[in-house]
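First up is the structure itself, then whatever we jot down about it.
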Amino acid sequence: MSDHTADGLRGLVAAFLRTHDPSGDRTGFLRARFDAGLAWVHHPPGRGGLGAPPHLQAVVDDAFAEAGAPDNQPRRNSIGLGMAAPTLLRHASEAQCRRWLRPLWTGEEVWCQLFSEPDAGSDLASLRTRAVPDGDGWVVDGQKVWTSLAHEARWAILLARTDPAAPKHHGLTYFVCDMAAPGVQVRPLRQATGEAEFNEVFLTGVRIPDTHRIGEVGHGWRIARTTLMNERVAIGGRPLPREGGMVGVLARLWRERPDLRTGGLHEEVLHAWVRAEAARLAALRLRQLVAAGQPGPEGSAVKLSFAELSQRISGLEVELRGAEGLRHDDWTMRRPVAPDLLGRTATYRYLRARGNSIEGGTSEILRTIIAERVLGLPAEPRVDR
Ligand SMILES: Cc1cc2nc3c(=O)[nH]c(=O)nc-3n(C[C@H](O)[C@H](O)[C@H](O)COP(=O)(O)OP(=O)(O)OC[C@H]3O[C@@H](n4cnc5c(N)ncnc54)[C@H](O)[C@@H]3O)c2cc1C
């Protein structure tokens, strides 16, 4: 029986480190950490956790970091860790969790999200990719778009239509798709930054075994909502130290380059700093609430304010730097292994931040969700994302 206190968990980490060398084989170390229940401490035993209170995760992570232990490189698998894992934990079978959670957490298997389609973004439930029953599985045909890191992914969470005759929210089913399966074609889509972080994905006669279906046939929308609510927290509620992220870049520039300062911008920089700190603390609080249960519509607020702030702060940086801030250093087409919101230059940050108010639900959609589901204002015509 584990001692679910901070000291108890520090003791478990110390005992683990006595028998596992953090400077040895990275994958072996991470697998053993998962098996010891020290990956996601709030998960149940057998699924990477100990059933411990979620706030103790930071205690465990800090203890491993202090020992110089390798981490699971979370930026490389942000969709897996932030969206697929909580969805699997809530809706997948025991066998499915056993198959997928460990390599997901260790980073051996990267995940992507096959949700959006050319005519189904905000109105996601109108998607047209079909999954048709065939023997002991399904055959999937359709096109997905804006699929971040599909070029790196081993698995995808996939939403497909299994009953075209049913009302649109009831005809969907949730699957896990093998990105190495015949019929999956990934083509890069180049962004304003010059990079191709995302892709279009063509699915042609892709076979998915029924054992890779998550939940009941026709219940895909309910399961997708778990993914979408976690997505907003994953994007907007990342744990950051004070002056972490975009505001840190701006604050350092302000301190180190007095030659760039102008009176008018002083107030703007201060204002952005205060808003960023308030957003960071709100995200911290939200993460604690989320760890104690599933995220609610409040996650939309942190995602919305993250997008507004990163666009405003990256704009301020470009303004501060003047002509120098307009120089984009390199427009080489690359397919990065992880999204990089901070990038290399002010222009990169400015251009990449444009996508923040689109990815994970647009700011317009999030405002509607906040108005209706948080503030209880009268409903507008239905939005689905
Ligand atoms: C960087 C990035 C990464 C992404 N990664 C992924 C991924 O990995 N997987 C994935 O599935 N998708 C991904 N997406 C797609 C993203 O989820 C969609 O772009 C988003 O949901 C918007 O859909 P859309 O692009 O079809 O725009 P549309 O839904 O066509 O919207 C166009 C405009 O109309 C507005 N609008 C639409 N409906 C309403 C309404 N009811 N009320 C008010 N305004 C409305 C929108 O706010 C927007 O301004 C990514 C997008 C970006 C930018």
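Observations, loosely collected:
- Computed log₁₀ I(q)/I(0) - Debye formula, equal Cα scatterers, no solvent, segment 1-160, q 0.08, 0.13, 0.16 Å⁻¹: -0.30, -0.69, -0.92
- Whole-Å semi-axes of segment 237-374's equivalent ellipsoid (Cα gyration tensor): 28, 18, 14
- Cα-projected label distance for Val274 with Arg75, points at 7 Å along beta-carbon direction, nm: 3.1 nm
- Unit Cα scatterers, Debye sum, segment 197-290: log10 I(q)/I(0) for q = 0.10, 0.11, 0.14 Å⁻¹: -0.52, -0.59, -0.75
- Amide H contacts of Ile214 (H built 1.01 Å from N, under 5 Å, at least 5 apart or other chain): Tyr174, Phe175, Val176
- Modelled FRET efficiency - R0 51 Å, Val132 with Leu281, Cβ distances, 0.05 increments: 0.55
- Once backbone amide H atoms are built at 1.01 Å from N, Asp134 has Val139 as its partners under 5 Å, excluding neighbours fewer than 5 places away on the same chain.
- Kirkwood Rh, Cα atoms: Rg over Rh of segment 313-365: 1.01
- Averaging 1/r over each pair of different alpha-carbon atoms in the chain and inverting the result gives 22.3 Å, the Kirkwood hydrodynamic radius.
- Relative intensity, log₁₀ I(q)/I(0), of segment 6-71 from a Debye sum that treats every alpha carbon as a point, q = 0.28 Å⁻¹: -1.35
- Listed values for segment 39-55 are Karplus-derived 3J(HN,Hα) couplings in whole Hz (6.51 cos²θ - 1.76 cosθ + 1.60, θ = phi - 60°), namely 8, 10, 4, 7, 5, x, x, x, 10, x, x, 10, x, 8, x, x, 5, and x replaces Gly and Pro.
- Taking the helices alone, the chain has a mean residue ellipticity at 222 nm of -12500 deg cm²/dmol, built from -39,500 (n - 2.57) per DSSP H run of at least 4 residues and averaged over all its residues.
- About the Cα centre, charge dipole magnitude for segment 196-266 (Lys/Arg +1, Asp/Glu -1 at Cβ), debye: 280 debye
- Distance between segment 60-86 and segment 183-206 - C-alpha centres, whole angstrom: 26 Å
- Spatial separation of Cα centroids for segment 1-38 and segment 124-170, in angstrom: 38 Å
- When the Cα gyration tensor is reduced to axis lengths a ≥ b ≥ c, the ratio a/c is 1.5 or higher for segment 111-221, and with a/b not above b/c it is classed as oblate.
- Using only side-chain charges placed at the Cβ, +1 for Lys and Arg and -1 for Asp and Glu, the dipole size of the chain relative to its Cα centre rounds to 100 debye.
- Cβ crowding within 10 Å, taken as a proxy for footprinting-reagent exposure, orders Cys97, Cys177 from fewest neighbours to most as Cys97, Cys177.
Read the figures in this text as sums done on the coordinates, not as results from a lab. Small disclaimer: the values here were computed from a predicted structure and weren't measured. Cβ: placed from backbone, ideal geometry, glycine included. Neighbour counts: every protein chain shown.
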